[in-house]
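Note sheet for the following structure.
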There are 2 protein chains.
Amino acid sequence: MILTLALVESALQLVPQQIQSHPQIKRYAERRSKSPNEVLLDRAFHDAAMRKLAQVGYSTPVEKMGRPDIVHNALLQVLETPLNWEGHLRVLVHTQGNYVIRINPKVRLPKNYVRFVGLIEQLFAEKRVPKENDSLLTIEKCNLLALVRKLGATKVIGFSRLGKPASMKMVAGQTSGLKNPLILIGAFPRGHFTDETRRLTDEIYSVDREPLDAWVVAGRFVYDVEWALGLEQSRVSPGKVTRT
Amino acid sequence: MILTLALVESALQLVPQQIQSHPQIKRYAERRSKSPNEVLLDRAFHDAAMRKLAQVGYSTPVEKMGRPDIVHNALLQVLETPLNWEGHLRVLVHTQGNYVIRINPKVRLPKNYVRFVGLIEQLFAEKRVPKENDSLLTIEKCNLLALVRKLGATKVIGFSRLGKPASMKMVAGQTSGLKNPLILIGAFPRGHFTDETRRLTDEIYSVDREPLDAWVVAGRFVYDVEWALGLEQSRVSPGKVTRT
């Protein structure tokens, strides 16, 4: 069983063309010795510019944008786990603006946020990092519909506060019995899946009555799937052979 | 039941006096319009200066130091959770250099790392943030022994790869039956608890045969305690009354 975990509609994108000449963006890019079209949009630093973006009628609601830290935290929570080490996890990032980042399971991501942002900016510029054949990260233009079709998942499950109330352990138990399930977790700060995303799911579940951060949902789900597969039991006793 | 979760020997401290005049530190502080004695040590930016620190025989091994991101990530993983929302969690940060940061459960920490670092630097300077009576964060000089005595915990449990192999769910089940348990999680990048820390624990458990990041351990343990207390079951059905 390989679980594909996709962070979707992720609030991770380059600064949109419409605000690249905004003084706040220009100052920020200059301080980092980059061009305004090479830096990631980040609410923590571009709040004024983002409010301008709302005024020009940008397609995505501005309150869903500019939070690369959400992807970073979610990735840190799932990549260094027994589920990944045992070869049961594939992680993808679908972004606002429809790029898809593929992540080699062997990657060791920068833990430091500033370094992570630099790495993703490099990825947008060079399309693969490192540039050699067995890249650890690659990026391509691809919308979610095309991605889901390409993956050929046996079942597509989303997590959303607007979904059907369910225990995450129940969902994980069910998922771990499938050959090639795809889990969608929204990696944006506010709001809900677009209709387009919703239509791609077979089921949507809500695992708490309050919204949970994407990194909490991702980390907990990976842990529950490990449990459903028996990884914890096989890994805690020294000397035991590990299931793969 | 209130679980006290302490991140201990955390790799979060101001730049030590011994390297405050190092050119790398001076440039970094200047770029951030601060003095060298006001900024947090961060391996991602101070690697050369930290190697100097090793040469002057600093008390803590340098490979355990300079990673405030570990505390940040672990806090993000545990504070916005049902366990905290339902009043069952108290979180403390004990740092290398023996400071203790107390965290008001109502705090909403900056999700952005750069903002978090700025906040902690402000905390070191002002001792409480905000400065009014019901501060969200406070800091005081206090070693771990004094902290553990003050807390009067019914049981002190540590997680470490050198501990006794155990299922985390078993530990959480046992812990959730206690009135005032204290959990110690090391928030440093490499190495193990000091002897001093080890002596304060009643039990030390290893929950995987590989070392796990502090934020993974913290997030999973909080989730397991929620489960042991029945929070998931009580919160997923809309209309149900929540246990507190």
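Beta-bridge orientation, chain A: approximately 35 percent antiparallel, per DSSP, counting only bridges with both partners inside.
Among beta bridges from DSSP that stay inside the protein assembly as shown, the antiparallel ones total about 35%. Mind grabbing the base-10 log of I(q)/I(0) for region A:28-132 at q = 0.17 Å⁻¹? Debye formula, identical points on the C-alpha positions, no solvent, two decimal places. Computed log10 I(q)/I(0) values: -0.90. The three principal axes of the Cα atoms in region B:77-150 give end-to-end lengths of 30, 29, 24 Å, sorted in falling order. Put simply, chains B and A cover up around 3900 Å² of each other's accessible surface, both sides summed, when a 1.4 Å probe is used. Can you give the log10 of the normalised intensity I(q)/I(0) at q = 0.18, 0.28 Å⁻¹, computed with Debye over equal Cα scatterers of region B:108-150? Values returned for q = 0.18, 0.28 Å⁻¹ are -0.62, -0.95. Reported value for chain B: 131 Å³ per residue, from the convex hull of its C-alpha atoms. For the protein assembly as shown, the carbon plus sulfur part of the accessible surface works out to 49%, probe radius 1.4 Å. Could you calculate the FRET efficiency of B:Lys131 with B:Asp195 from 1/(1 + (r/R0)^6), where r is the beta carbon distance between them and R0 is 30 Å, rounded to 0.05? It comes to 0.20. Taking one equal scatterer on every alpha-carbon of region A:107-244, how large is log10 of I(q)/I(0) by Debye at q = 0.20 1/Å? The computed values of log10 I(q)/I(0) come out as -1.29. In region B:206-220, burial by the other protein chains removes 40 Å² or more of accessible area from B:Asp208, B:Arg209, B:Asp213, B:Trp215, B:Val216, B:Arg220, compared with the chain on its own (1.4 Å probe, ligands and nucleic acids ignored).
Applying both filters, DSSP loop and at most 12 other Cβ atoms within 10 Å, to the trypsin sites (Lys or Arg not before Pro) of region A:158-187 gives A:Lys179. Label-point spacing for B:Asn180 across the identical copies (point 7 Å from Cα in the Cβ direction), in nm and ascending order: 5.6. Placing +1 on the Cβ of every Lys and Arg and -1 on the Cβ of every Asp and Glu, with nothing else charged, gives the protein assembly as shown a dipole about its Cα centre of roughly 380 debye. Sorted from shortest to longest, the distances between the A:Lys106 label points of this copy and the other copies are 5.1 nm, with each point 7 Å from Cα along the line through the beta carbon. The phi-based Karplus calculation (6.51 cos²θ - 1.76 cosθ + 1.60; θ = phi - 60°) puts the 3J(HN,Hα) values of region B:121-138 at 5, 4, 5, 4, 6, 10, 6, 8, 9, x, 6, 5, 4, 8, 5, 8, 9, 9 Hz, whole numbers, x for Gly and Pro. Accessible surface computed residue by residue for chain A, with neighbouring protein chains in place and a 1.4 Å probe, gives 43 Å² per residue. If you count Lys pairs in region B:73-202 whose Cα atoms are under 19 Å apart, skipping same-chain pairs closer than 8 places in sequence, the total is 10.
Give me the compactness ratio for region B:153-199, meaning the Cα radius of gyration over 2.2 N^0.38 Å. Compactness ratio reported: 1.21.
Hydrodynamic radius of the protein assembly as shown by the Kirkwood approach over all distinct alpha-carbon pairs: 23.5 Å. Diagonalising the gyration tensor over the Cα atoms of region B:20-66 and scaling each eigenvalue by 5 before taking the square root yields semi-axes of 19, 10, 9 Å, largest first. Loop-located GluC sites (Glu not before Pro) in region B:80-132 (DSSP state not H, G, I, E or B) with no more than 14 neighbouring Cβ atoms inside 10 Å: B:Glu132.
Shown here are the Rg and Dmax of the Cα trace of region B:83-126, at 11.9, 32 Å. Dividing the mean sequence gap of close Cα pairs (under 8 Å, 6+ apart) by how many residues chain B holds gives a relative contact order of 26 percent.
The values are calculated or read from the model by the stated rules, or taken from the named source; none is laboratory data. It should be emphasised that the depicted structure is a prediction, and the values quoted were computed from it without experimental measurement. No Cβ is skipped: glycine too gets one built from the backbone with ideal geometry, and neighbour counts run over all protein chains shown. All accessible areas refer to the heavy atoms of the entire protein, side chains included, with ligands and DNA or RNA removed. Shrake-Rupley method; radii C 1.70, N 1.55, O 1.52, S 1.80 Å.
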